[in-house]
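Visitor: Just dropping this structure here.
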Amino acid sequence: MVKIVEVVTISKLIPIYKDCDEANAIQVAKFSFADGSECGFNVVCQKGLYEVGSKAIYIQPDYCLSDNSLFNSFISPGGDVKKSRLGKQNRIRAIKFNFQFSGSSDTIYSNGILLPISEVIDFIGDSIDDENLSDLLGVHKYEEPETGGSGLTAGDFPGFMYKTDETNALNLVSHIKKVIDQGQELGITIKRDGSSHTTYFKITDGEFISGVCSRGQDKKMEQILVTNYINGDDEYHRYINPETKVNGWFCDDKSCFKTNDEVINFTPVTKEVKDSWVELAKSSGLLDKGLEYCKENGIELAFRGEIVGQGLKGSGNKLNPDSNNKQKLVLFGVDDLSEGFSKRVNYSSIHNLKFLSNLFDIEYTESVVVLVKTYEELIEICENIFKDEKSNGRVIEGVVVRTMYTNDLSCKVMNFEYDSKK
């Protein structure tokens, strides 16, 4: 499991060049994680700050920094917030440097934040506790607010399913090399920048039930909103009691507040509202076709996908190639729920993504299947996909790499150009 913040060991310090001249003040640091596994990220750092074999503190990209003294130089360099290279909510983004490694023409991107361990100890005022570093430093995951929802939910994301958030391949270099050495075929699919979608079919009390979820919510299947309540000639509208902060209903004519329990016998005034997750599950045919298939085959499945298009912000990146298109659902995976929890269905099963997507006539992420001999060959293939997409006018967020016939690997390779800061 990848840690948000951890103690790492510097393994290499590599000079970088611009117009064949070596940089005077900066270099690239490479390092290994606490368990000894290799990290693939490059971090540009000041010369003389680290030595090979020394310890440092590494903070993963795509996490947010708290506004404290330790991070002042990142949040407001030289006291100027406008010079910060962080994203919204102080999110750590890739930083583009117009330097190259010797013999290469590729631009270098710095990913994550590396700190001298002595600075962190001084800030904490105590010895390093690797398990609680993220809490002690106030580093947390960035979550883009969901758009396109109605707010009508049945509860939180169900506990029998995992949330789809692939680990960055650069955190899994050692594991990926092991999978490659085993000779496993890998499937590479384009990562879409939208909002996570799950439609599931599960047996409860002997009956199949259907559900639709966003990343963090289980949606109400009937998107009917109560706007008012009528009791005789009195009309009550939604209201939050300013003193108790209790949600309820208020009659302006009588200056009377009622709780939800007190209006239960009143006549509701309702309207149907739009929720993109539920609407696309229905309009794509997934709800009806998925339920019929599960009943016919006696199997419980969850269909994983991304809803993309207008009004679905995703990461909010202006380069998002789907942002101006009509909303749609794109499936990227299928899970088996028959053991009481979700387990990815790979291509060794008939109930795989390609078969079911074609059967249901729903768009899905098609795999480029490769059999590579080295980790470097895999990364080169991914980067060539980024280049090919760009030549066709699409700058994509990244790709997902999975083992085709086992569940041994599922990770993402990000396109640094998509979310970088100069």
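Throughout, read-outs are computed from the coordinates displayed, never taken from laboratory work. Predicted model only: the values in this text are computed from it and were never measured. As a convention, Cβ positions derive from the backbone with ideal geometry for all residues, glycine included, and neighbour counts pool all protein chains shown.
Visitor: Please list 3J(HN,Hα) in residue order for the range 333-349, calculated via the Karplus relation 6.51 cos²θ - 1.76 cosθ + 1.60 where θ = phi - 60°; whole Hz, with x for glycine and proline.
Guide: x, 10, 10, 9, 9, 5, 8, x, 8, 7, 9, 4, 8, 9, 7, 7, 9
Visitor: Can you give me the distance in nm between label points at GLU389 and GLU144, each placed 7 Å from the Cα along the Cα-to-Cβ direction?
Guide: About 1.3 nm, to one decimal.
Visitor: Quick check on the exposure proxy: order LYS421, LYS258 from fewest to most C-beta atoms within 10 angstrom. Intermediate results must be reported in sequence, preceding the final value.
Guide: Working: LYS421 14, LYS258 19.
By the 10 Å Cβ count, ascending: LYS421, LYS258.
Visitor: Counting only complete DSSP H runs, which helices of the chain cover 18 Å or more along their long axis at the Cα atoms and score a mean Kyte-Doolittle of -1.0 or above?
Guide: 375-391
Visitor: Using alpha carbon centroids, what distance separates the range 170-218 and the range 397-422, in Å?
Guide: Each part's Cα centre sits 13 Å from the other's.
Visitor: Give the long-range amide H neighbours of ALA154: residues separated by 5 or more places, or on another chain, with amide H under 5 Å away, using H modelled in the peptide plane at 1.01 Å from N.
Guide: Correct list: ASP218, LYS219, LYS220.
Visitor: Are there any trypsin sites (Lys or Arg not before Pro) in the range 1-59 that are in a DSSP loop and have at most 13 other Cβ atoms within 10 Å? List them by number.
Guide: LYS47
Visitor: Okay, helix-only estimate at 222 nm for the chain: each DSSP H run of n ≥ 4 adds -39500 (n - 2.57), divide by all residues, round to 500 deg cm²/dmol; what do you get? Could you put the intermediate results ahead of the total?
Guide: On the way: 8 runs with 71 residues, N = 422.
Result for the chain, helices only: -4500 deg cm²/dmol.
Visitor: Less than 11 Å Cβ to Cβ from THR267, Lys/Arg counted +1 and Asp/Glu -1: what total charge do the surrounding residues give?
Guide: Local charge sum for THR267: -2.
Visitor: Just from the alpha-carbon atoms, what are the Rg and Dmax of the range 35-106 in angstroms?
Guide: My reading of the Cα-based Rg and Dmax gives 14.4, 40 Å.
Visitor: Relative contact order, percent, of the range 224-272 when contacts are C-alpha pairs under 8 Å separated by at least 6 residues? Before the final figure, lay out the partial values.
Guide: Details: 82 pairs, mean separation 21.2, N = 49.
Relative contact order here is 43 percent.
Visitor: Next up: Report the GluC sites (Glu not before Pro) located in the range 172-270 that are in a DSSP loop and have at most 12 other Cβ atoms inside 10 Å of their Cβ, or state none.
Guide: Sites meeting the loop and neighbour criteria: GLU222, GLU243.
Visitor: Treat the count of other C-beta atoms within 10 Å as a stand-in for reagent exposure and order VAL372, VAL8 from fewest to most.
Guide: Arranged by neighbour count, lowest to highest, VAL372, VAL8 become VAL372, VAL8.
Visitor: Hey, another quick one. I need to check one value: relative contact order of the chain, counting alpha carbon pairs closer than 8 Å and at least 6 residues apart, in percent.
Guide: Values: 842 pairs, mean separation 70.0, N = 422.
Computed value for the chain: 17 percent relative contact order.
Visitor: Give the residue list of chymotrypsin sites (Phe, Trp or Tyr not before Pro) in the range 317-412 that are DSSP loop and have at most 15 other beta-carbon atoms within 10 angstrom. It would help to have the intermediate numbers written out before the result.
Guide: Details: sites: PHE332, PHE341, TYR347, PHE355, PHE360, TYR364, TYR375, PHE386, TYR405; in loops: PHE341, TYR347, TYR405.
Those satisfying the criteria are PHE341, TYR405.
Visitor: Between ASN260 and PHE74, 0.36 nm times their residue separation minus their Cα-Cα distance comes to what?
Guide: Length gained between ASN260 and PHE74: 62.3 nm.
Visitor: Another one. Between the range 341-360 and the range 246-311, what's the alpha-carbon centroid distance in Å?
Guide: Centre-to-centre distance over Cα atoms comes out at 27 Å.
Visitor: Something else about it: Taking all pairs of different Cα atoms in the chain, averaging 1/r and flipping that mean, what Kirkwood radius in angstroms comes out?
Guide: On the way: mean 1/r = 0.0408 Å⁻¹.
Its Kirkwood hydrodynamic radius stands at 24.5 Å.
Visitor: Still on this structure, I have one more. Along the range 74-86, what does the Karplus equation 6.51 cos²θ - 1.76 cosθ + 1.60 (θ = phi - 60°) give for ³J(HN,Hα), rounded to whole Hz, x for Gly and Pro?
Guide: 8, 6, 9, x, x, x, 10, 4, 5, 8, 5, 9, 7
Visitor: Further, regarding this structure: Order by neighbour count: CYS256, CYS213, CYS411, fewest other Cβ atoms within 10 Å first, most last.
Guide: CYS256, CYS411, CYS213
Visitor: Over all directions, average the projected area of the Cα convex hull of the range 153-296 and note it in nm².
Guide: Working: hull surface 60.0 nm².
With the hull built on Cα positions only, its mean projection is 15.0 nm².
Visitor: If you don't mind, there's one more thing I want to ask. For the chain, with only Lys/Arg (+1) and Asp/Glu (-1) charged at the beta-carbon, what is the dipole magnitude about the Cα centre, in debye rounded to 20?
Guide: The calculation lands at about 1120 debye.
Visitor: Follow-up question, since we're still on this one. Taking square-rooted eigenvalues a ≥ b ≥ c of the alpha carbon gyration tensor, is the range 300-422 rounded, prolate or oblate, where a/c under 1.5 means rounded and, failing that, a/b exceeding b/c means prolate?
Guide: Note, shape of the range 300-422 comes out oblate.
Visitor: Amide H neighbours of GLU6 under 5 Å, counting only residues 5+ apart in sequence or on other chains, H built in-plane at 1.01 Å?
Guide: TYR58
Visitor: Hey, another quick one. Add +1 for every Lys or Arg and -1 for every Asp or Glu among the other residues with Cβ under 13 Å from the Cβ of LEU13, and state the total.
Guide: Every neighbour counted, the sum reads +1.
Visitor: What pairs from LYS82/LYS390; LYS96/LYS141; LYS3/LYS328 go past 24 Å between their alpha carbons?
Guide: LYS82/LYS390; LYS3/LYS328
Visitor: Once you keep just the Cα pairs under 8 angstrom separated by 6 or more residues, what percentage relative contact order results for the range 5-141?
Guide: Contact order relative to length: 28 percent.
Visitor: Step by step: find N for the range 5-141, compute 2.2 N^0.38 Å, then divide the Cα radius of gyration by it. What's the final number?
Guide: That works out to 1.05 for the range 5-141.
Visitor: Can you check how the C-alpha radius of gyration of the range 224-272 compares to 2.2 N^0.38 Å, as a plain ratio?
Guide: Against the compact-globule rule of thumb, the ratio is 1.07.
Visitor: For the range 225-235, take each phi angle, set θ = phi - 60°, evaluate the Karplus expression 6.51 cos²θ - 1.76 cosθ + 1.60, and give the result in whole Hz per residue in order, putting x for glycine and proline.
Guide: Result, rounded to whole Hz: 9, 7, 9, 8, 10, 10, 9, x, 8, 9, 10.
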